[in-house]
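A.B. asks: Pasting in a structure now, in structure tokens, and then I'll have a few things to ask.
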């Protein structure tokens with residue numbers, strides 16, 4: 001059996017990844033590397049379900065709160081940072097635990113990213129002008145004709161990603177999915193991170209309704225915890241807009257739009273009707289995100305699937321990891 005030098009835990013939103021990672025940390029000396037494009041942003045805590053201060057104090061966490069919401073963070077930057085961290089943690093004789101739901105990051109890390117065309121401002125301007133005239137769903141339909149694989153993973157109003165995919169296609173004549181597929185890793189064998197072998201384990205529901213209920217419960221809990229106040233504080237900064245990648249994160253986009261509907265921009269001014277509409281839109285958008293994440297997962301070879309709706313999943317994963325690690329990483333006393 002190939003030695004396990006790191007473990008990746010991927011899964012859709014609300015599948016229990018953080019809780020499972022903390023349970024693993026009870027048994028082995030680990031450090032967690034976040035694989036989440038939203039957790040990189042400072043000041044975005046409630047709507048991203050960021051691990052709490054207390055949870056982060058239990059075990060070292062990496063790639064959380066490393067960007068201001070005005071800044072971008074690319075898949076290429078993630079691969080660079082995660083590769084460096086995996087080797088540093090391994091050198092400390094601890095288990096690197098990569099945990100998250102940004103599937104493009106996982107795919108880029110395991111398979112590599114071909115050199116995509118650099119940003120083309122003139123092309124992007126033309127695409128955005130077309131979107132103003134026709135709407136983003138029309139451009140999503142155009143993307144579906146030239147790159148059905150990417151279009152199938154994107155919501156019809158995901159302006160940022162649709163624009164980038166069309167920009168790449170118009171600049172190169174190749175779909176962006178072709179760049180994502182091309183890499184130097186042998187995807188038929190154990191996944192490697194710069195020469196270190198590991199494993200990809202995924203949390204996937206055997207019953208989709210279970211995940212839908214979890215998503216609804218979590219969104220309600222976020223609202224109760226002050227999610228709208230968090231978004232209102234971000235809006236008051238004055239340097240953020242719905243066009244930024246940070247503010248296009250699921251939940252934040254819907255909350256921003258809801259607060260646009262009241263003159264003061266304050267949550268206290270939202271009517272019950274508007275609040276109910278926000279709740280419905282947020283839950284629906286999160287379910288759509290989970291559906292896209294599961295689509296990504298099904299296309300990832302070599303993964304070991306665990307049923308996240310199994311009440312004993314944490315125990316089963318710990319037992320499986322004990323068998324896989326052997327004496328390679330010493331279990332906590």
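A.B. asks: How many residues are outside any loop (DSSP other than H, G, I, E, B), under 19 Å from residue 191 (Cβ atoms) and under 17 Å from the mean Cα position of the chain (by Cα) when one looks only at the stretch 21-43?
C.D. replies: 5
A.B. asks: Report yes if residue 294 is under 27 Å from residue 47 (Cα atoms) and touching a strand residue (DSSP E or B) at 6+ places or on another chain (Cβ under 7 Å), otherwise no. Quick ask: steps written out before the conclusion?
C.D. replies: On the way: under 27 Å from residue 47 (Cα atoms): yes; touching a strand residue (DSSP E or B) at 6+ places or on another chain (Cβ under 7 Å): yes.
Against the criterion (under 27 Å from residue 47 (Cα atoms) and touching a strand residue (DSSP E or B) at 6+ places or on another chain (Cβ under 7 Å)), residue 294 qualifies.
A.B. asks: Now, a different point. Looking at the stretch 310-333 only, could you name the residues that are touching a strand residue (DSSP E or B) at 6+ places or on another chain (Cβ under 9 Å) and surrounded by 17 or more Cβ atoms within 10 Å (Cβ to Cβ)? Before you say what the answer is, go through the steps one by one.
C.D. replies: Restricting attention to the stretch 310-333, the residues satisfying the condition of being touching a strand residue (DSSP E or B) at 6+ places or on another chain (Cβ under 9 Å) are 313, 316-317, 320-321, 324-325, 328-329.
Selection gives 313, 317, 321, 324, 325, 329.
A.B. asks: Condition check: at positive phi and either without any contact (Cβ under 8 Å) to a residue 24 or more places away in the chain or outside any strand (DSSP E or B) (or both). Does residue 81 satisfy that?
C.D. replies: Judged against the criteria, residue 81 is not a match.
A.B. asks: Can you find a residue in the stretch 50-65 that is closer than 22 Å to residue 294 by Cα, outside any loop (DSSP other than H, G, I, E, B) and either at pLDDT below 95 or in contact with a helix residue (DSSP H, G or I) (Cβ under 9 Å, 6 or more places away or on another chain) (or both)?
C.D. replies: Scanning the stretch 50-65, I find no residue that is closer than 22 Å to residue 294 by Cα, outside any loop (DSSP other than H, G, I, E, B) and either at pLDDT below 95 or in contact with a helix residue (DSSP H, G or I) (Cβ under 9 Å, 6 or more places away or on another chain) (or both), so the answer is no.
A.B. asks: Right, here's the next one. Hey, among the residues in the stretch 69-78 that are assigned to a loop (DSSP other than H, G, I, E, B) and within 17 Å of the chain's Cα centre (by Cα), which one's nearest to residue 254 (Cα to Cα)?
C.D. replies: To start, the set of residues in the stretch 69-78 that are assigned to a loop (DSSP other than H, G, I, E, B) comprises 69-74.
Filter again for within 17 Å of the chain's Cα centre (by Cα), leaving 69, 71-74.
Numbers: 69: 17, 71: 20, 72: 20, 73: 22, 74: 23 Å.
Top of the filtered list is 69.
A.B. asks: Mind checking whether some residue in the stretch 161-183 is under 26 Å from residue 97 (Cα atoms), in contact with a helix residue (DSSP H, G or I) (Cβ under 8 Å, 6 or more places away or on another chain) and modelled with pLDDT of 85 or more?
C.D. replies: Within the stretch 161-183, none of the residues are under 26 Å from residue 97 (Cα atoms), in contact with a helix residue (DSSP H, G or I) (Cβ under 8 Å, 6 or more places away or on another chain) and modelled with pLDDT of 85 or more.
A.B. asks: For the stretch 106-123, check the following and say yes or no: at least one residue is in the same structural domain as residue 309 (by TED's automatic domain parsing), without any contact (Cβ under 8 Å) to a residue 60 or more places away in the chain, within 14 Å of the chain's Cα centre (by Cα) and crowded, with 23+ Cβ neighbours inside 10 Å.
C.D. replies: No, the stretch 106-123 contains no residue that is in the same structural domain as residue 309 (by TED's automatic domain parsing), without any contact (Cβ under 8 Å) to a residue 60 or more places away in the chain, within 14 Å of the chain's Cα centre (by Cα) and crowded, with 23+ Cβ neighbours inside 10 Å.
A.B. asks: Still on this structure, please answer the following. Does any residue of the stretch 236-246 turn out to be touching a strand residue (DSSP E or B) at 6+ places or on another chain (Cβ under 8 Å) and at pLDDT 90 or above? Give the steps one after another, and end with the answer.
C.D. replies: Start the filter on the stretch 236-246 by keeping residues that are touching a strand residue (DSSP E or B) at 6+ places or on another chain (Cβ under 8 Å), which leaves 246.
So of that shortlist, the ones also at pLDDT 90 or above come out as 246.
Yes, the stretch 236-246 contains at least one residue that is touching a strand residue (DSSP E or B) at 6+ places or on another chain (Cβ under 8 Å) and at pLDDT 90 or above.
A.B. asks: Follow-up question, since we're still on this one. Considering the stretch 228-265 alone, what residues qualify as being in contact with a helix residue (DSSP H, G or I) (Cβ under 7 Å, 6 or more places away or on another chain), over 21 Å from residue 36 (Cβ atoms) and assigned to a helix (DSSP H, G or I)?
C.D. replies: Listed by number, the residues that qualify are 228, 229, 232, 235, 258, 259.
A.B. asks: Checking residue 126 against (1) closer than 20 Å to residue 10 by Cα; (2) part of a helix (DSSP H, G or I), only one condition comes out false. Which one?
C.D. replies: Failed condition: (1).
A.B. asks: From the list 221, 225, pick out the single residue that is out of contact with any helix residue (DSSP H, G or I) (no Cβ under 7 Å at 6 or more places or on another chain) and more than 15 Å from residue 280 (Cα to Cα). Spell out the reasoning first.
C.D. replies: On the way: 221 fails: more than 15 Å from residue 280 (Cα to Cα).
Every option except 225 fails the conditions.
A.B. asks: Answer yes or no as to whether residue 29 is crowded, with 17+ Cβ neighbours inside 10 Å, touching a strand residue (DSSP E or B) at 6+ places or on another chain (Cβ under 8 Å) and on the phi < 0 side of the Ramachandran plot. I'd like the intermediate steps shown before the answer.
C.D. replies: Details: crowded, with 17+ Cβ neighbours inside 10 Å: no; touching a strand residue (DSSP E or B) at 6+ places or on another chain (Cβ under 8 Å): yes; on the phi < 0 side of the Ramachandran plot: yes.
When the stated conditions are applied, residue 29 does not pass them.
A.B. asks: For residue 262, state whether it is within 22 Å of residue 43 (Cβ to Cβ) and either in the same structural domain as residue 19 (by TED's automatic domain parsing) or surrounded by fewer than 16 Cβ atoms within 10 Å (Cβ to Cβ) (or both).
C.D. replies: Judged against the criteria, residue 262 is a match.
A.B. asks: Of the conditions (1) out of contact with any helix residue (DSSP H, G or I) (no Cβ under 8 Å at 6 or more places or on another chain); (2) in the same structural domain as residue 248 (by TED's automatic domain parsing); (3) buried (at least 16 other Cβ atoms within 10 Å of the Cβ), residue 280 clears all except one; give me its number.
C.D. replies: (3)
A.B. asks: Answer with yes or no whether residue 274 is more than 27 Å from the chain's Cα centre (by Cα) and either in a loop (DSSP other than H, G, I, E, B) or surrounded by fewer than 18 Cβ atoms within 10 Å (Cβ to Cβ) (or both). Write out each step before concluding.
C.D. replies: On the way: more than 27 Å from the chain's Cα centre (by Cα): yes; either in a loop (DSSP other than H, G, I, E, B) or surrounded by fewer than 18 Cβ atoms within 10 Å (Cβ to Cβ) (or both): yes.
Spelling it out, residue 274 is indeed more than 27 Å from the chain's Cα centre (by Cα) and either in a loop (DSSP other than H, G, I, E, B) or surrounded by fewer than 18 Cβ atoms within 10 Å (Cβ to Cβ) (or both).
The values are calculated or read from the model by the stated rules, or taken from the named source; none is laboratory data. Owing to the predicted nature of the structure, the values given are computational and were not obtained by experimental measurement. Glycine also receives a Cβ, built like all others from the backbone with ideal geometry; neighbour counts cover every protein chain displayed.
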